[in-house]
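Enquirer: The structure under discussion is supplied below as structure tokens; questions concerning it will follow.
Computed from the coordinates by the stated procedures, all read-outs in this text should not be read as laboratory data. Quick caveat: nothing in here was measured; it's all calculated off a predicted structure. Here the Cβ positions follow ideal geometry from the backbone for every residue, glycine too, while neighbour counts run over all protein chains shown.
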Amino acid sequence: MSGSVLFDAPGPKARRLSLILSIVVGILILAGLYWLYTILAAPRPSSGGITLPGMFDPSRWDVFANPDVWTFIWGGVVRTLQAAAAAAVLALILGVVFALLRTAKSAWIRTPTTVILEFVRGMPVLLMMLFILLGFSSGAYWAVVLALGLYNGAIIGEALRAGLASLPRGQREAGLSLGLRELQTRMLIEFPQAFRQMLPIIVAQLVVLLKDTSLGYIVGYPELIRSTMNNLASFYGNRYLFSFFAVTLVIYLIMNLTLSWVARWLSKHTDSARRGGKAGKEVPVDPALAIAQASAAARQSEAGGNPGAR
Amino acid sequence: MDVIFDNLPRYLAGFSMTLQLLVVAGIAALIIGTIIATMRISPVPSLRGFAAVYTELVRNTPLTLVLFFCALILPYLGVRLEYSVFAMIGLSVYTSPFVAEALRSGINGVPIGQAEAARSLGLGFGQTVGYVVFPQAFRMVIPPLINVFIALTKNTSVAGGFFVVELFTIGKELANANGNAVIAVLLGVATFYLLITIPLGIFAARLEKKWVVAR
């Protein structure tokens, strides 16, 4: 729904009011930001009677002139991306496996998988990391990768399962009637379609995964936050704490916003492609044919017994 | 198993801290999120812009970094509060954009004809949203909101890394003290989390099924 339906197309009076409000609010926001800035920039008296310079004082930022600092930060970025990439691959593989097991014919496979998935999804990733770290004494890197892979694998598996459930039944029946085995039908016919349909959700989950690598800070994996806020800040002293924080925040925002942007682009892209394809098919060549198609589709959706998903 | 029963009081203490974090941060996030969502659909462009920027920035910042800011940078800047309060602030700020997005998607999910009908009856913005759109959006909003709170429950564990003694911290301490029963200790911690998340999840799924069909 576009916001514009909620209110009248503004007349001259309302437009003036809206403009005035907009400017007033804009000024208030700017004033708030300026207030924040002055608080941060103000020199602060410390306990010893010495006045420390404000947060934007050059003496708090001069470390960044040192290329070694940037090399170190880059190392943190690389370790973050490395863990995220490894966990993403693991999560995708596990997602497919979980989706297969959860849609298995035998209840002996389905039920235990459901219980395990509920367990994995219901507990904090951080706890899982600690679990792997202490229970298997695996080292921080594997704790981060395995925990993130398992947790996100469970979520991706659930998404893929929903994707499989929303496919028309004919896809599976056609595969089977061509003589493909159950597993072949799943892997060759159904999964590619489910995957494509769920792609935006999966990519969005991968953004979450990238963000969650920051939990490695707590279990001792030297990713970006640990590199900057712990190692660098304790090496160069607390004076640079705020500066390192600001730089870390900006780096994270750049990484995550880029990935989110890719996710959004993908979602729009696949969405419009799908819709475009459908619209192309549904152009009624012959009204009688169109009516027959529509009624067939209606019957199919009834027989599908899946009104919630449609 | 004995480890869990022997240390049950400590588990319960951690669990009550986790519950406190969950309830306080949940309510605060609900309030901030509602304000942000209202700004996001309001007729004033600068409010809309501010809300959009806020949502994007906070959503793309890792929770660890938000809590780091609250627990270590704020004291450095001269704010003096308890660590549990810092954690509550951080968790509510981090959760608020997710609440706002859930609310907004619910409002967007109300068919456009409803708002058009209300408008054509001569209701104003406040009336349209308050009497027509919001009551309908409400039921679509509840299941995703519950999912946000499930995520918040799990996120409270991150506060354990920033000097708050809650369930995760208790688990870490007990695991260090009982090196021979690490798995049992951590399974105990997981059980307490599952005690909150699984019932909430079942509740959300049931509501979803019931309400989606009703529409």
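Enquirer: Got a sec? Charge dipole of segment A:64-279, +1 on Cβ for Lys and Arg, -1 for Asp and Glu; which of A:ASN152, A:THR258, A:LEU164 is way out at the positive end?
Expert: A:LEU164
Enquirer: Note down the nm distance, to one decimal, between modelled labels 7 Å out along Cα→Cβ at A:ALA31 and at A:LEU183.
Expert: 7.0 nm
Enquirer: About the Cα centre of the protein assembly as shown, how large is the charge dipole given +1 on each Lys and Arg Cβ and -1 on each Asp and Glu Cβ? Please answer in debye to the nearest 20.
Expert: So the magnitude is around 1260 debye.
Enquirer: Write down, largest first, the equivalent ellipsoid semi-axes of the protein assembly as shown in whole Å, where each equals the square root of 5 times an eigenvalue of the alpha-carbon gyration tensor. Working shown, then result.
Expert: Details: eigenvalues 334, 232, 101 Å².
Equivalent-ellipsoid dimensions as semi-axes: 41, 34, 22 Å.
Enquirer: Let me ask something additional. Could you derive backbone 3J(HN,Hα) for segment A:235-243 from the dihedral phi with the Karplus parameters 6.51, -1.76 and 1.60 (θ = phi - 60°), listing whole Hz in sequence and x where the residue is Gly or Pro?
Expert: 6, 8, x, 4, 4, 9, 3, 5, 4
Enquirer: Okay, moving on. Among B:LEU167, B:ALA118, B:VAL182, which residue has its Cα furthest toward the positive end of the charge dipole of segment B:2-214, with +1 on Lys/Arg Cβ and -1 on Asp/Glu Cβ?
Expert: B:ALA118
Enquirer: Separate question: Normalised by the empirical 2.2 N^0.38 Å for globular proteins, what value does the Cα Rg of segment B:1-95 take?
Expert: Ratio of Rg to 2.2 N^0.38 Å for segment B:1-95: 1.40.
Enquirer: Specify the residue with the greatest mean-square fluctuation among B:ASN155, B:ASN60, B:ASN147, computed from a Gaussian network of chain B linking alpha-carbon atoms under 10 Å apart.
Expert: Result for chain B, Cα springs under 10 Å: B:ASN60 fluctuates most.
Enquirer: Karplus couplings for segment A:114-119 from phi (6.51 cos²θ - 1.76 cosθ + 1.60, θ = phi - 60°), rounded to Hz, Gly and Pro as x?
Expert: 4, 4, 4, 5, 4, 4
Enquirer: Using the alpha-carbon centroid of each, what span in Å lies between segment B:19-72 and segment A:73-131?
Expert: 28 Å
Enquirer: With everything on Cα atoms, drop me the angle between helix B:45-59 and the longest principal axis of chain B, reported from 0 to 90° to the nearest 10.
Expert: 30 degrees
Enquirer: Further question: Give the whole-number value, in cubic angstrom per residue, of the convex hull volume spanned by the C-alpha atoms of segment B:8-155.
Expert: In segment B:8-155, the Cα convex hull volume per residue is 124 Å³.
Enquirer: Bin by bin, in steps of 5 Å, what percent of the Cα pairs in segment A:113-156 do you find, going until the bin that has the longest distance?
Expert: Reading upward from the zero bin: 6, 27, 32, 21, 12, 2.
Enquirer: Under 5 Å between amide H atoms, partner at least 5 residues away or on a different chain: which partners does A:MET55 have, H built in plane at 1.01 Å?
Expert: Amide H neighbours of A:MET55, under 5 Å, 5+ apart: A:ALA41, A:ALA42.
Enquirer: Find the centroid of the Cα atoms in segment B:165-215 and in segment B:86-134, then give the distance between the two in whole Å.
Expert: First find each Cα centre; the distance between them is then 30 Å.
Enquirer: Restricting things to Cα coordinates, could you compute the convex hull volume per residue of segment B:143-215 in Å³?
Expert: Looking at segment B:143-215, the number lands at 66 Å³ per residue.
Enquirer: I've got another one for you. Once you have a ≥ b ≥ c as the square roots of the Cα gyration tensor eigenvalues for segment A:64-279, tell me rounded if a/c is under 1.5, and otherwise prolate or oblate according to whether a/b is larger than b/c.
Expert: Working: a/c = 3.48, a/b = 1.81, b/c = 1.92.
Because a/c hits 1.5 or more and a/b fails to exceed b/c, segment A:64-279 counts as oblate.
Enquirer: Report ³J(HN,Hα) in whole Hz for each residue of segment B:111-121, in order, from the Karplus equation J = 6.51 cos²θ - 1.76 cosθ + 1.60 where θ = phi - 60°; Gly and Pro get x.
Expert: Along segment B:111-121, the couplings run x, 5, x, 4, 5, 4, 4, 4, 5, 6, 7 Hz.
Enquirer: Please arrange A:ILE225, B:ILE107, B:ILE150, A:ILE189 by how many other C-beta atoms lie within 10 Å of their C-beta, fewest to most.
Expert: Exposure proxy ranking, most exposed first: A:ILE189, B:ILE150, B:ILE107, A:ILE225.
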